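S.K.: I am attaching a structure below and will ask some questions about it afterwards.
Nothing in this text is a laboratory measurement; each read-out follows from the coordinates by a stated rule. Since we're looking at a predicted model, the values are computed, not measured. Note that each Cβ is placed from the backbone with ideal geometry, even for glycine, and that neighbours are counted across all protein chains shown.
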Amino acid sequence: MSSRRKFLKLAALGAGALGISKTMGKASLFAETPVEKGPVVISTWNHGMPANRAAWTILRDGGTALDAVEQGVRVVESDPESTSVGYGGRPDRDGHVTLDACIMDHLGNCGGVAFLEHIKNPISVARKVMEDTPHVLFAGEGALEFALSKGFVKENLLTEDSRLAWQEWLKTSQYKPIINVENHDTIGMLALDLNGNLSGACTTSGLAYKPHGRVGDSPIIGAGLFVDNEIGAACATGMGEAVIRVAGSHTVVEMMRQGHSPTEACRLAVLRVIKKHDPALIHDLQVGFLALNKKGEYGGYAIHKGFNFALRNKFTEILMDAGAVVG
Ligand code: ASP
């Protein structure tokens, strides 16, 4: 039998035996299992509270985790008071607000945008990349052109407050990322819906006053975000370069695959980051991970104390401190 025919036969057998369902034209190998304790959403930092609220209205009514995470993080992207995400995000050293974002669903579909300017809600552009193209990541001018072709509106994202802060910064031009800056950073969000499906989203303006063209972990699948609907989902915040080096969110999911709880999986990934860096650098290096598994169990861990996350489920709406290796 030709290998192609053999493959088709195996695929047909598998589909019957596993009861494969079709969603968005793609086969899902994992049966949908309604969640016992209801939906769950978690997201990074204080700004996770209003973001979770928006996500919860979708999850509570039986909506998808994908819609929930997109709508949830859009709240923070659109908020000019949030100085590390979307509109109002601090610019790079040349005064440009450049945004990174990615999204991933329960089928392994994913999309991202990097180094995108002038678009208030990069997460929705990332979703368009995922759904309307065969590609995963669009960057810079090309990402902007793509967004405009999809009807997104070009806007000035540099608020007066951000412009004044940048001009103040220019007086010294000291570039040293500060850990837990103002206690709000990237928003990473993970959700489990009523059907037992997971999705995640991650969006940021990156490090304030970064070099022009610098891209962090947040638009990179496997680094800033990873979802495996068989196991769980994870997202990251903090120094993107350190997260990329260990494929951070993917590492967290793999730790859960090995049987670790979400909190322990995050802790082990944090230890991996620490191990891969010069001990002298750890004092100024912050990385935090969040994880959510198929059972709706969740957890977070960071290198340094100060990383928190917001949880919303049918029992509670709360801000929690993540575990930390230092402090
Ligand atoms: N991870 C983001 C980046 O490196 C920033 C952050 O979460 O603080 O761009």
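S.K.: For the range 111-258, what is the Kirkwood estimate of the hydrodynamic radius, computed as the reciprocal of the mean inverse distance between distinct Cα atoms, to one decimal in Å?
M.R.: About 16.6 Å for the range 111-258.
S.K.: Taking chymotrypsin sites (Phe, Trp or Tyr not before Pro) as candidate sites, keep only those in a DSSP loop with at most 12 other Cβ atoms within 10 Å, then name the longest stretch of the chain containing none of them.
M.R.: After excluding every exposed loop site, the longest remaining stretch is 1-174.
S.K.: Give me the net charge of ALA139's neighbourhood, meaning all other residues with Cβ under 14 Å from the Cβ of ALA139; Lys, Arg count +1, Asp, Glu -1.
M.R.: Net charge in that neighbourhood comes out at -3.
S.K.: Let me ask something else about it. Testing the spin-label approximation: label points 7 Å from Cα along Cα→Cβ at GLU145 and SER78. State their distance in nm.
M.R.: Going by the 7 Å Cα→Cβ label model, 3.0 nm.
S.K.: Let me make sure I get this right: for the range 227-327, a, b and c are the square roots of the gyration tensor eigenvalues over alpha carbons, sorted descending. Under 1.5 in a/c it's rounded, otherwise prolate if a/b > b/c, else oblate. Which is it?
M.R.: The shape class here is oblate.
S.K.: Let me ask something else. With Kirkwood's inverse mean 1/r over C-alpha pairs for Rh, give me the Rg to Rh ratio of the range 279-327, two decimals please.
M.R.: Here the Rg-to-Rh quotient is 1.07.
S.K.: Which helices of the chain meet both criteria: a Cα extent of 27 Å or more along the helical axis and a mean Kyte-Doolittle score no lower than -0.5, with helices taken as whole DSSP H segments?
M.R.: The qualifying helices: there are none.
S.K.: Same structure again: Note down the Stokes-Einstein diffusion coefficient of the chain in µm²/s, whole number, using a Kirkwood radius over alpha carbon pairs, 20 °C, and 1.002 mPa s.
M.R.: Value of D from the Cα-based Kirkwood radius: 109 µm²/s.
S.K.: When the Karplus curve 6.51 cos²θ - 1.76 cosθ + 1.60 is applied with θ = phi - 60°, which whole-Hz ³J(HN,Hα) does each residue of the range 195-209 get, with x for Gly and Pro?
M.R.: 7, x, 9, 9, 8, x, 9, 8, 8, 7, 9, x, 5, 4, 6
S.K.: A follow-up question, please. So how many Å³ per residue does the convex hull of the Cα atoms of the range 79-134 work out to?
M.R.: 83
S.K.: List the longest stretch of the chain that has no exposed loop site; here a site is one of the trypsin sites (Lys or Arg not before Pro) assigned by DSSP to anything other than H, G, I, E or B, with at most 10 other Cβ within 10 Å.
M.R.: The longest uninterrupted stretch comes out as 1-170.
S.K.: Treating only the Cβ of Lys, Arg, Asp and Glu as charged (+1, +1, -1, -1), what charge dipole size does the range 181-281 show about its Cα centre? Round to the nearest 20 debye.
M.R.: Roughly 320 debye for the range 181-281.
S.K.: Further question on the same structure: With a bin width of 10 angstrom, please list the P(r) values of the range 172-270 as percents of all Cα-Cα pairs, from the 0 bin to the one holding the largest distance.
M.R.: Bin by bin from 0 Å, the calculated values are 16, 45, 28, 10, 2, 0.
S.K.: Apply 1/(1 + (r/R0)^6) to the Cβ-Cβ distance of LYS295 and ARG93, taking R0 = 45 Å, and write down the FRET efficiency to the nearest 0.05.
M.R.: 0.50
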